[in-house]
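Down below is the structure, laid out as structure tokens.
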Ligand SMILES: Cc1cc2nc3c(=O)[nH]c(=O)nc-3n(C[C@H](O)[C@H](O)[C@H](O)COP(=O)(O)OP(=O)(O)OC[C@H]3O[C@@H](n4cnc5c(N)ncnc54)[C@H](O)[C@@H]3O)c2cc1C
């Protein structure tokens, strides 16, 4: 598929609705008790989780895919300031029956505004009680949270690098906020979004992506499916496979990696070995945070890159040193395991 600058037609976003999961989702049974604590008596019930003392009320709930992606809109209802930049997240806490108090971060996917509102994009993870707590929220419910906190994605004003944004799954969320924010601020760096998903049924948010493609000076996006249906015109495979052949050069680019920690670790290590400075690689792993790639897997990702513009004897030496450090790390971890220290 060519990078899209035009409407793709065909798919429509599901309308904003009061809480209703798409039919396929209810095959995943939410854990017992994973319902909002706040509907009837928010203050009394949330007082049990008062470490996260901030409060926000649900104003809209949208089911975006039949595979379990929802978008939830909130308004902050406490009196504290609520300022954030793209890349910041809120920590949500809930006391979930059968699971106890859970605290989990979620990136804000809406654009900074003066109305003290924010949106989250949530993947309902079968084994994730807090995701189901959020998935069971209804308009009017009140949640307890802290933040916004985290690292801003916004590059320094003088930086004119092309922005290469790579996401898997719900990791696309903060990129929507980021691209829109840059446009609104008049920062029109070229932006290339690569979004890795499993199946066509996981695709959503096309209206938002198309809107960015239409209104931003130089914005394009491509979707890569690891399990594409027959006739799929877009990219195929995991983005660690499909993106490297598309980048003719690596210099003059700032890379942003959000989502599955496995993708991030493989991509980040490969880019570093090919000469990209670490400060030009923004990473936000949502899960798989301890993943360490096999050296053969990493080699495969590196080999898929066509760009060699940053390659130099120094870069090659540093890559060799990094490889040695990775191997030493693996050796000492396995030694520790064998000696019973892990
Ligand atoms: C900084 C940060 C920002 C995050 N932002 C978001 C966000 O915007 N939207 C969002 O949906 N999640 C986000 N996450 C993941 C989220 O915090 C939770 O891990 C997830 O919702 C499940 O939470 P839980 O407490 O119910 O279960 P947990 O105990 O946290 O996780 C249960 C299991 O689900 C796995 N898991 C978590 N997320 C996924 C996923 N997307 N796909 C497949 N498996 C997964 C975990 O590895 C774990 O094995 C973010 C995580 C971090 C660290």
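The values are calculated or read from the model by the stated rules, or taken from the named source; none is laboratory data. This one's a predicted model, so the numbers in the text were calculated from it and none came from an experiment. Reconstructed Cβ throughout: ideal geometry from the backbone, glycine too, with neighbour counts over all protein chains shown.
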Q) Filter the range 131-144 for residues that are near the ligand (Cβ under 8 Å from one of its atoms) and in contact (Cβ under 8 Å) with a residue 40 or more places away in the chain; which is farthest from residue 74 (Cα to Cα)? A) 132
Q: Being assigned to a loop (DSSP other than H, G, I, E, B), surrounded by 16 or more Cβ atoms within 10 Å (Cβ to Cβ) and under 21 Å from the mean Cα position of the chain (by Cα) narrows it down to one of 74, 84, so name that one.
A: 84
Q: Answer yes or no: is there a residue in the range 292-301 that is within 16 Å of the ligand (Cβ to nearest atom) and within 30 Å of residue 86 (Cα to Cα).
A: yes
Q. Which one of 262, 319 is in contact with a helix residue (DSSP H, G or I) (Cβ under 9 Å, 6 or more places away or on another chain) and not assigned by TED's automatic domain parsing to the domain that holds residue 178?
A. 319
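For the range 129-167, how many residues meet the condition of being out of contact with any strand residue (DSSP E or B) (no Cβ under 8 Å at 6 or more places or on another chain) and more than 26 Å from residue 280 (Cβ to Cβ)? Give the derivation first.
Pass one, the range 129-167, residues out of contact with any strand residue (DSSP E or B) (no Cβ under 8 Å at 6 or more places or on another chain): 132, 136, 152, 154, 156-158, 160.
Of the ones still in play, those that are also more than 26 Å from residue 280 (Cβ to Cβ) are 132, 136.
Qualifying residue count for the region: 2.
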(Q) I'm trying to understand the selection: among the residues of the range 104-130, which are assigned to a loop (DSSP other than H, G, I, E, B), within 19 Å of residue 167 (Cα to Cα) and within 10 Å of the ligand (Cβ to nearest atom)? (A) 109, 124, 125
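Just need a number here: residues in the range 304-317 that are without any contact (Cβ under 8 Å) to a residue 24 or more places away in the chain and under 30 Å from the mean Cα position of the chain (by Cα). Let's see the steps before the verdict.
Taking the range 304-317 first, the residues without any contact (Cβ under 8 Å) to a residue 24 or more places away in the chain are 313-314, 316-317.
Okay, now just the ones that are also under 30 Å from the mean Cα position of the chain (by Cα), so none.
Qualifying residue count, the range 304-317: 0.
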Q. Can you tell me which residues in the range 164-189 are assigned to a helix (DSSP H, G or I), in contact with a helix residue (DSSP H, G or I) (Cβ under 9 Å, 6 or more places away or on another chain) and surrounded by fewer than 24 Cβ atoms within 10 Å (Cβ to Cβ)?
A. 169, 176, 180, 183
Q: Could you list, in sequence order, all residues of the range 190-213 that are in contact with a helix residue (DSSP H, G or I) (Cβ under 8 Å, 6 or more places away or on another chain) and assigned to a strand (DSSP E or B)?
A: 191, 193, 194, 195, 196, 197
Q. Can you name the number of the only condition in (1) at negative phi; (2) modelled with pLDDT under 95; (3) within 13 Å of the ligand (Cβ to nearest atom) that residue 160 fails?
A. (3)
Q: For residue 99, work out the one condition from (1) in contact with a strand residue (DSSP E or B) (Cβ under 6 Å, 6 or more places away or on another chain); (2) within 16 Å of the ligand (Cβ to nearest atom) it doesn't fulfil.
A: (1)
